[in-house]
Amino acid sequence: MNPSESRVASIPAGELGRRMLSAKAEQFTESVIREMTRLALKHGAVNLSQGFPDFAAPAEVKEAARQAIADDINQYAITWGAKPLRDAIVEKFARTQGIRVDPEREITICCGSTEAMMSTMMAIINPGDEIVVFEPFYENYGPDAILSGATPRFVKLRPPDWTYDERELAAAFGPRTKAIILNTPNNPTGKVFTRAEFEFIRDLCVRWNAFCITDEIYEHILYDGAEHISMATIDGMRERTIVINGMSKTYSVTGWRVGWAIAPPEPTAAIRKVHDFLTVGAAAPLQQAGAIALKSPQSYYDKLAGSYLEKRERLLKILTAAGFTVFKPRGAYYIMTDISRFADPDPIRFSAETKDVSFAKFLVEEIGVACVPGSSFYNNARDGASQVRFTFCKKESTLAAAEERFAKLHA
Ligand SMILES: Cc1ncc(COP(=O)(O)O)c(C=O)c1O
């Protein structure tokens with residue numbers, strides 16, 4: 001019944017001593033990255049904000065999805081994931097990382113790595129637990145912490161090479177540390193963590209009996225000889241590492257929403273329960289196509305990295321010519337930039353504290369290019385006020401259009 005039709009008046013929530021909406025949900029805003037995509041559409045801007053490819057996905061992978069639907073794989077898959085995809089993950093992880101996991105007890109297929117991360121956090125966090133997060137960080141980790149009830153402890157990665165201070169990292173760990181979140185290759189910085197860095201982090205995880213949750217979604221997008229290392233392969237870490245990965249970036253299918261968590265049996269049992277009641281399962285026919293995609297030959301991954309290398313060079317050149325200070329990424333498909341060299345075109349709209357937001361707004365509205373304000377990657381917005389991020393997972397015509405529009409900015 002429409003409440004206005006009732007003759008009974010509601011007692012205001014305040015009088016009942018409660019709020020109508022979740023205090024957790026009130027602690028974060030909608031995704032700035034996804035908002036930038038909406039603004040790009042509204043202003044007809046070239047969208048270099050959100051990290052989704054605007055080019056075609058591999059033909060064989062799309063055909064596999066079509067075939068799966070034709071074959072009537074249209075009902076719920078097993079909640080923790082279709083067996084062919086779990087088997088394909090086992091085979092690929094063994095081939096690329098040299099570790100054989102148990103498909104029956106160590107893999108959970110989720111609705112994207114986004115859900116895999118959320119289910120993992122909800123499966124391991126208790127009130128009072130802390131998680132260590134490097135910043136700048138992929139913006140989802142903030143709400144992930146709030147929704148799961150973890151208290152984040154942030155540790156800075158500093159430009160130009162995005163290294164961390166070992167003493168600062170060690171000080172962030174303590175008796176309450178449940179996990180560290182590691183994202184390598186990293187969004188937004190393009191940092192690829194080195195073996196020495198992994199070993200330093202390993203020692204802290206072991207000392208404080210903490211998990212390492214490692215988001216490896218850009219594992220195949222590497223440049224300049226950078227090597228992807230999974231924390232699970234580091235001595236002493238197999239039993240405390242939870243690997244998060246997915247199809248989105250490697251096969252250019254961000255809308256398919258297929259991801260997974262690889263974890264030892266105990267955390268996997270908890271992750272599977274959370275996942276089951278959150279979403280039941282990822283799209284069954286797309287999981288089937290995933291099993292085919294993961295069997296792609298090495299040449300596929302080489303070609304992917306080669307094509308992104310060209311795009312990286314192209315966008316580095318465009319941004320440098322337009323006046324940005326660029327930080328060259330070693331992995332993933334983003335370029336973090338410093339905007340300090342741009343004078344405030346409108347001092348009323350631009351203040352030092354929020355320059356990234358006003359600049360991004362100006363860029364999308366007046367220049368016609370969408371980027372992501374740096375503050376969306378930091379806990380304290382001020383820390384990102386002189387940075388904005390661009391993505392280059394776009395076809396040449398999109399990058400060329402951005403180049404053309406930037407001519408106006410330069411002028
Ligand atoms: C570091 C990182 N993790 C996870 C995701 C989301 O992945 P998925 O599409 O599998 O949910 C993204 C997307 O941009 C990302 O950059």
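The values are calculated or read from the model by the stated rules, or taken from the named source; none is laboratory data. Predicted, not measured: the structure shown is a model, and the values here were computed from it. Reconstructed Cβ throughout: ideal geometry from the backbone, glycine too, with neighbour counts over all protein chains shown.
Details
- Meets criteria (more than 16 Å from the ligand (Cβ to nearest atom), surrounded by 16 or more Cβ atoms within 10 Å (Cβ to Cβ) and part of a helix (DSSP H, G or I)) for A68: yes
- Any chance G98 is more than 26 Å from I78 (Cβ to Cβ) and away from the ligand (no atom under 16 Å from the Cβ): yes
- Unique match (being part of a helix (DSSP H, G or I), surrounded by fewer than 20 Cβ atoms within 10 Å (Cβ to Cβ) and within 16 Å of the ligand (Cβ to nearest atom)) among P143, P152: P143
- Failed criterion for Y218 (all others in (1) within 11 Å of the ligand (Cβ to nearest atom); (2) surrounded by fewer than 20 Cβ atoms within 10 Å (Cβ to Cβ) hold): (2)
- Unmet requirement for A360, which otherwise passes all of (1) touching a residue at least 40 places away in the same chain (Cβ under 8 Å); (2) touching a Leu at 6+ places or on another chain (Cβ under 7 Å); (3) more than 16 Å from the ligand (Cβ to nearest atom): (2)
- All of (1) touching a Leu at 6+ places or on another chain (Cβ under 7 Å); (2) within 16 Å of the ligand (Cβ to nearest atom) hold for K24 with one exception: (2).
- Taking the numbered list (1) surrounded by 15 or more Cβ atoms within 10 Å (Cβ to Cβ); (2) assigned to a helix (DSSP H, G or I) in turn, V101 passes all entries but (2).
- Scanning the range 39-65 for residues that are part of a loop (DSSP other than H, G, I, E, B) and not acidic (D, E) returns G44, A45, L48, S49, Q50, G51, F52, P53, F55, A56, A57, P58.
- For the range 378-406, taking the residues that are of a type in the set (A, V, I, L, M) and under 29 Å from A56 (Cβ atoms), the one that is surrounded by the most Cβ atoms within 10 Å (Cβ to Cβ) is identified as V388.
- Check on E353, under 26 Å from the mean Cα position of the chain (by Cα) and modelled with pLDDT under 95: yes
- Filter result for L182 (within 16 Å of the ligand (Cβ to nearest atom), farther than 22 Å from A116 by Cα and modelled with pLDDT of 95 or more): no
- Neighbours by Cβ (under 8 Å, 6+ apart or cross-chain): first from the range 140-158, of a type in the set (V, I, T); second part of a loop (DSSP other than H, G, I, E, B) and surrounded by fewer than 17 Cβ atoms within 10 Å (Cβ to Cβ): I146/Q27; I146/F28; T151/G128; T151/R176; V155/D165
- The residues of the range 292-302 that are over 22 Å from the mean Cα position of the chain (by Cα) and within 14 Å of A68 (Cα to Cα) amount to a single one, I292.
- Residue in the range 19-31 that is part of a helix (DSSP H, G or I), surrounded by 12 or more Cβ atoms within 10 Å (Cβ to Cβ) and charged (D, E, K, R) present: yes
- Which numbered condition N126 misses (of (1) out of contact with any helix residue (DSSP H, G or I) (no Cβ under 9 Å at 6 or more places or on another chain); (2) within 16 Å of the ligand (Cβ to nearest atom); (3) part of a loop (DSSP other than H, G, I, E, B)): (2)
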